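The values are calculated or read from the model by the stated rules, or taken from the named source; none is laboratory data. Here the structure is a predicted model, which is why all the values come from computation and not from measurement. All Cβ positions, glycine included, derive from the backbone under ideal geometry; neighbour counts span all protein chains shown. Keep in mind that these areas ignore ligands, DNA and RNA; they rest on the heavy atoms of the full protein, side chains included. Shrake-Rupley method; radii C 1.70, N 1.55, O 1.52, S 1.80 Å.
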Amino acid sequence: MTVSPSTPGRPNTAVARREVRYATLGAILEDAEFLAIHPHQTTGQWSYGRILQHLADGVNASFDGFPYRVNVFVRIVGTLLFKRKVIEQEMTPGFKLPKSAEENLPKNETPVSAALENLKRALARFEKSDPTAAHPVFGKLTRDEWVKLHLNHAALHMSFVKPA
């Protein structure tokens with residue numbers, strides 16, 4: 001895992017965010033556990049519990065399916081223009097989810113302890129078996145693509161949490 005100050009001049013980056021990159025799913029959990037037991041602050045609009053639960057929900061959705069659908073136009077354009085970037089490169093903040101997806105996001109009142117346990121279970125599940133669900137935009141992904149997607153997704157959201 002690499003953690004360093006945010007780079008000025010990038011969208012939604014300021015000294016308030018940290019740069020995070022994870023090499024393994026285990027590194028996500030290490031960082032999450034560290035921040036859960038140490039004083040921390042979030043710099044965005046989400047609580048730490050909400051961030052952890054969102055990450056757990058994302059990992060579980062790679063097995064159970066996503067609770068929303070996107071139209072065929074978004075799937076085609078997303079796959080052609082964004083799939084490789086989202087899987088291979090750092091995700092940037094500011095992406096607006098479809099309304100149907102936003103309705104399924106966790107609430108800010110999610111307790112950190114419960115969300116952390118849910119993330120632990122989700123990552124353990126991922127380590128034991130291959131995901132079977134299709135991504136709502138990118139369709140069927142390989143295990144390696146899912147791993148990269150989860151690493152990048154976690155890095156994006158965890159960049160809004162920093163030690164106090």
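Legend: calculated FRET efficiency, PHE73 to ALA133, from the Cβ-Cβ distance at R0 = 25 Å, rounded to 0.05, equals 0.75. Counting only lysines at least 8 places from LYS120 when in the same chain, those with an alpha carbon closer than 18 Å to its own are LYS128, LYS148. Between the residues TYR68, ALA115, ASN104, the greatest Cα displacement towards the positive end of the dipole of the chain, with unit charges on the Cβ of Lys, Arg, Asp and Glu, is found for TYR68. Taking the centroid of alpha carbons for each part, segment 100-159 and segment 15-29 are 14 Å apart.
If I compute solvent accessible area with a 1.4 Å probe over the protein chains, what percent of it on the chain is carbon and sulfur? Walk me through the numbers before you get to the answer.
Values: 5280 of 9140 Å².
Result for the chain: 58 percent of the exposed heavy-atom area is carbon or sulfur.
In the chain, the calculated helix contribution to ellipticity at 222 nm averages -14500 deg cm²/dmol per residue, counting -39,500 (n - 2.57) for every DSSP H run with n ≥ 4. Applying a DSSP loop filter and a limit of 11 other Cβ atoms within 10 Å to the trypsin sites (Lys or Arg not before Pro) in segment 35-117 leaves LYS96, LYS107. Taking every C-alpha pair closer than 8 Å and separated by at least 6 residues, the mean separation divided by the residue count of segment 39-151 gives a relative contact order of 51 percent.
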